[in-house]
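Engineer: Below is one structure. I have some questions about it.
We did not get these values from a lab; they are worked out from the coordinates using the rules stated. All figures in this text were calculated on a predicted structure; none of them were measured in a lab. We place every Cβ from the backbone using ideal geometry, glycine too, and count neighbours over all the protein chains shown.
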């Protein structure tokens, strides 16, 4: 057990990065090599990182790769991924290659802000009073962000309902705001704060929460693609007929519709690709995750975010729809150098374009997982790529990594014990 000197961590935020690194080094007995890891800088400098979050002592890089073969709305696009999980980039690229391309669409960038009001003597009457003054209240909201107004955005609607709760009836207001090319949290939350005092006067109640919702119901993105049965047959190298692959994928998808256990894992696979692009562009993957899973259960039992079916030719058609609230301005999107690089590679000009690309990636990722599960099994390709990580963990270096990896795959035993055995034999032969 390590006993820390708590005094050294007092007002940690006031110290320089170098001072924090020294404290961590001393308190956790870091070796010179471990301290060097904290001090190492990459594309994200410690200076910039220190402005992004609190108590910075280092940076934590992710592998950064690009998915290829995507044709989205007739345009060839290279898509940056920031992710540590093997096979995700390869799976997305292969799914895109096998497809006929992706057709996408996205809603206007409308976000929902919520205001909670408690202690109203007559909640229903309070809602009517508030909505009777919505013109005045929307004007207050407009004044909170002139920059957004000048770019064509701003508050659009004010809605209200009464919610029955265990603590009595509460009023819930929804402010719908067009946030243009921002994710929108700061703009929406500021508007809600500005409106709150006047809402209390009108309602006679007390405002509690004033916060954006991450369930962006009015800001959904969609993608659709066709996978020809001929291409699917070729992808199995003749081991399965195209019709068999289509049927197997449809069965796998139906399983997700019938089982929440399976639907959760299916949606996790979708988010593998979505999160990777969201992170690469400096957007909030946690907000996208929570919105996606909430949408998967919206007004129904939790289910898959995609749907698959056959067209009249017997080819496989896949579709996806989910809320995607991303931005091109503000936050890490503007401060992180790699986020700026990702947006340049993507060539997007609006947040809607980015959302459409992300939806296409989610659909591709789901198809790839279903195809692998329904044909060769998910582990075959995944473990082939994961084997390099296992080789490194066993101590393999340089060219040894490839040799150990290949031998594990050949033996169909991808684990640390096998890697250590192969590495030991390899080094003994060299002696």
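Engineer: Would you kindly calculate the translational diffusion coefficient of the range 110-212, applying Stokes-Einstein with the Kirkwood radius from alpha carbon pairs, for 25 °C and a viscosity of 0.890 mPa s, and quote it in µm² s⁻¹ without decimals?
Structural biologist: Estimated via Stokes-Einstein, D reaches 182 µm²/s.
Engineer: While we're here: So how do 389-402, 245-258 stack up, highest first, on mean other-Cβ count within 10 Å? Can you show the working numbers first?
Structural biologist: Details: 389-402: 16.1, 245-258: 18.4.
Ranked from most to least packed, the peptides come out as 245-258, 389-402.
Engineer: As I understand it, the value is the acute angle between the Cα axis of helix 17-27 and the longest principal axis of the Cα atoms of the chain; what does it come to in degrees, rounded to 10?
Structural biologist: Result, in degrees: 60.
Engineer: Under a no-solvent Debye model with one identical scatterer per Cα of the range 60-141, what's log10 I(q)/I(0) at q = 0.10, 0.17, 0.18 Å⁻¹?
Structural biologist: Those come out to -0.57, -0.78, -0.85, one per q.
Engineer: Computed over the Cα atoms of the chain, what is the convex hull's projected area averaged over all directions, in nm²?
Structural biologist: The Cα convex hull of the chain, projected and averaged over all directions, gives 27.6 nm².
Engineer: Follow-up. Taking only Cα atoms, what is the 0 to 90° angle, nearest 10, from helix 337-346's long axis to the longest principal axis of the chain?
Structural biologist: Rounded to the nearest ten degrees, it is 80.
Engineer: Any idea what diffusion coefficient the range 381-430 gets from Stokes-Einstein, in µm²/s, Kirkwood Rh on alpha carbon pairs, 4 °C, 1.567 mPa s? Walk me through the intermediate numbers first.
Structural biologist: Working: Rh = 10.2 Å.
My calculation gives 127 µm²/s for D.
Engineer: Please work out whether the range 6-52 counts as rounded, prolate or oblate from its C-alpha gyration tensor, where a ≥ b ≥ c are the square roots of the eigenvalues and a/c under 1.5 means rounded, while otherwise a/b larger than b/c means prolate and anything else oblate?
Structural biologist: oblate
Engineer: For the chain, find the longest principal axis of its Cα atoms and tell me its angle to the long axis of helix 399-411, 0 to 90°, nearest 10.
Structural biologist: The two axes meet at around 90 degrees.
Engineer: When the chain is fully extended, how far beyond the present Cα-Cα distance does residue 254 get from residue 268, taking 0.36 nm per residue of separation?
Structural biologist: Length gained between residue 254 and residue 268: 3.4 nm.
Engineer: Residues in the range 108-128 near a label at residue 163, defined as backbone nitrogen under 11 Å from the 7 Å Cα→Cβ point?
Structural biologist: What the label zone holds, given the 11 Å backbone N cut-off, is 114-118.
Engineer: Take the Cα atoms of the range 319-431, build their convex hull, and give its volume per residue in Å³.
Structural biologist: 152
Engineer: While we're here: Quick one: check the C-alpha center-to-center distance for the range 319-345 versus the range 207-245, whole angstrom.
Structural biologist: What the calculation gives is 20 Å, centre to centre.
Engineer: Using 20 Å as the cut-off for backbone N distance, which residues of the range 204-219 belong to the label zone defined by a point 7 Å from the Cα of residue 174 along Cα→Cβ?
Structural biologist: 208-219
Engineer: Give me the extension gain from residue 319 to residue 27: residue separation times 0.36 nm, minus the current Cα-Cα distance, reported in nm with one decimal.
Structural biologist: Additional length available on full extension: 99.9 nm.
Engineer: Report the extension gain between residue 201 and residue 105 in nm, rounded to one decimal, defined as 0.36 nm multiplied by the number of residues separating them, less their alpha carbon distance.
Structural biologist: 30.4 nm
Engineer: Using the count of nearby Cβ atoms within 10 Å as a rough guide to exposure, how do 71, 127 rank from fewest to most?
Structural biologist: 71, 127
Engineer: Residue 45 to residue 9: FRET efficiency via 1/(1 + (r/R0)^6), r the Cβ-Cβ distance, R0 30 Å, to the nearest 0.05?
Structural biologist: 0.80
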